[in-house]
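S.K.: One structure follows; several queries about it will come next.
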Amino acid sequence: MRAAPRVSLVMAVFNGLAHTRACLDSLRTTTEPFRLVVTDNGSSDGTREFLERFPYPYPLTSARSETNGNVIAALNRAWRLTDTEFVCLLHNDTEMVEPAWLSRLLAALEEPDAGLAGLYGAKRLRASGRLVGRTVVHSLLPEPTVRAPWEDVAFVDAVCLCISRKLLDSIGGLDEGYGFYHGIDRDLSLAVVDRGLRCLIVHAPFWHHGGKTRTRGFDADPSLERADRARRDSALIRFAGKYRHRLPCDVRPPRERVRDWFKARMP
């Protein structure tokens, strides 16, 4: 008999059914047992009917809102429906390639003082809250950059992040004061660091189709992109103010900092 799942995968979706199907198809080979919790934020593309006639063997809990409200609130509703030891927030526009991806995330959380594990992050955040691009490490295909099995980072991106449910509950969940995803991953990461715990990026190659829900309509209406940029800037200001006691944040050891400094300046 297969062991009871220790982890729940949590998604909040709004339309994007083709991405959701592709993501769930990619999970068929996942070796770690899991439960699935999905909140549907008022989809109108058949997502509701798809979840009602769920064609996969994963244990599913689903909830629906009639309108496309605050996605962070939807994620908070979703993870609070879980009853497993761990929670893994996952974007529905991802596709997992490594069958052991979830086991690797859980193994990372067994490291001493580990609090948060994921597949994309950065080792340095500036005082402004912005990440430093050359310190990004990730498992994105076609060219993952993170060294196996994992590396310490300053923050874990929300595209995929795994945390114990107990820790997430003690933090109070995701801060709903941010806009559409903006800021919640950096906020959660530094909330974890505030508790003396580490953030880790794991080597487990995956595809990310990238922001299709958020950027829908930008080409047709440039004002949507301007509004999104304004929300991002506002979230960054909020984050930098909230965590001024932690910023700037850099987890690289001195030798790595010197090496990166020279690499950035070489022609």
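The values are calculated or read from the model by the stated rules, or taken from the named source; none is laboratory data. Remember, predicted model here, so these are calculated numbers, not experimental data. For neighbour counting, all protein chains shown are included, and Cβ atoms are generated from backbone atoms with ideal geometry for every residue, glycine included. Ligands, DNA and RNA are excluded from the accessible area calculation, which covers all protein heavy atoms including side chains. Shrake-Rupley method; radii C 1.70, N 1.55, O 1.52, S 1.80 Å.
S.K.: Within region 35-47, does at least one residue satisfy the condition of being more than 19 Å from the chain's Cα centre (by Cα), open to solvent by less than 30 Å² (accessible area, probe 1.4 Å) and of a type in the set (S, T, N, Q)?
M.R.: yes
S.K.: In region 1-56, which residue that is touching a helix residue (DSSP H, G or I) at 6+ places or on another chain (Cβ under 8 Å) and of a type in the set (Gly, Ala, Ser) is farthest from Gly69 (Cα to Cα)?
M.R.: For region 1-56, the residue satisfying everything is Ser8.
S.K.: Take Arg64 and decide whether it is more than 20 Å from the chain's Cα centre (by Cα) and among the charged types (D, E, K, R).
M.R.: yes
S.K.: Out of the residues in region 166-203 meeting the condition of being open to solvent by 20 Å² or more (accessible area, probe 1.4 Å) and β-branched (Val, Ile, Thr), tell me which one is farthest from Leu89 (Cα to Cα).
M.R.: Only one residue tops the list, namely Val193.
S.K.: A follow-up question, please. If Ile163 satisfies every condition in (1) open to solvent by 10 Å² or more (accessible area, probe 1.4 Å); (2) in contact (Cβ under 8 Å) with a residue 24 or more places away in the chain; (3) within 16 Å of the chain's Cα centre (by Cα) but one, which is the exception?
M.R.: Condition not satisfied by Ile163: (1).
S.K.: For region 87-116, which residues satisfy the criterion of being open to solvent by 10 Å² or more (accessible area, probe 1.4 Å), in contact with an Asp or Glu (Cβ under 8 Å, 6 or more places away or on another chain) and either in a loop (DSSP other than H, G, I, E, B) or under 18 Å from Arg35 (Cβ atoms) (or both)?
M.R.: Ala100, Ser103
S.K.: Follow-up. Checking the conditions here, which among Thr94, Thr135 is over 17 Å from the mean Cα position of the chain (by Cα) and hydroxyl-bearing (Ser, Thr, Tyr)?
M.R.: Thr135
S.K.: Being part of a loop (DSSP other than H, G, I, E, B), among the hydroxyl-bearing types (Ser, Thr, Tyr) and buried (at least 16 other Cβ atoms within 10 Å of the Cβ), is that true of even one residue in region 133-143?
M.R.: Looking for residues that are part of a loop (DSSP other than H, G, I, E, B), among the hydroxyl-bearing types (Ser, Thr, Tyr) and buried (at least 16 other Cβ atoms within 10 Å of the Cβ), one finds at least one in region 133-143, hence yes.
S.K.: Can you find a residue that is in contact with a strand residue (DSSP E or B) (Cβ under 8 Å, 6 or more places away or on another chain) and either among the aliphatic types (A, V, I, L, M) or closer than 22 Å to Asp169 by Cβ (or both) anywhere in region 45-52?
M.R.: yes
S.K.: Something else about it: Could you list, in sequence order, all residues of region 6-27 that are within 17 Å of Leu105 (Cα to Cα) and open to solvent by 30 Å² or more (accessible area, probe 1.4 Å)?
M.R.: Arg6
S.K.: While we're on this one: Return the residues of region 238-255 that are in contact (Cβ under 8 Å) with a residue 40 or more places away in the chain and in a helix (DSSP H, G or I); say none if nothing qualifies.
M.R.: Arg238, Phe239, Ala240, Lys242, listed by residue number.
S.K.: Right, next: Looking only at region 87-130, how many residues end up being hydrophobic (A, V, I, L, M, F, W, C), in contact (Cβ under 8 Å) with a residue 40 or more places away in the chain and touching a Leu at 6+ places or on another chain (Cβ under 7 Å)?
M.R.: 12
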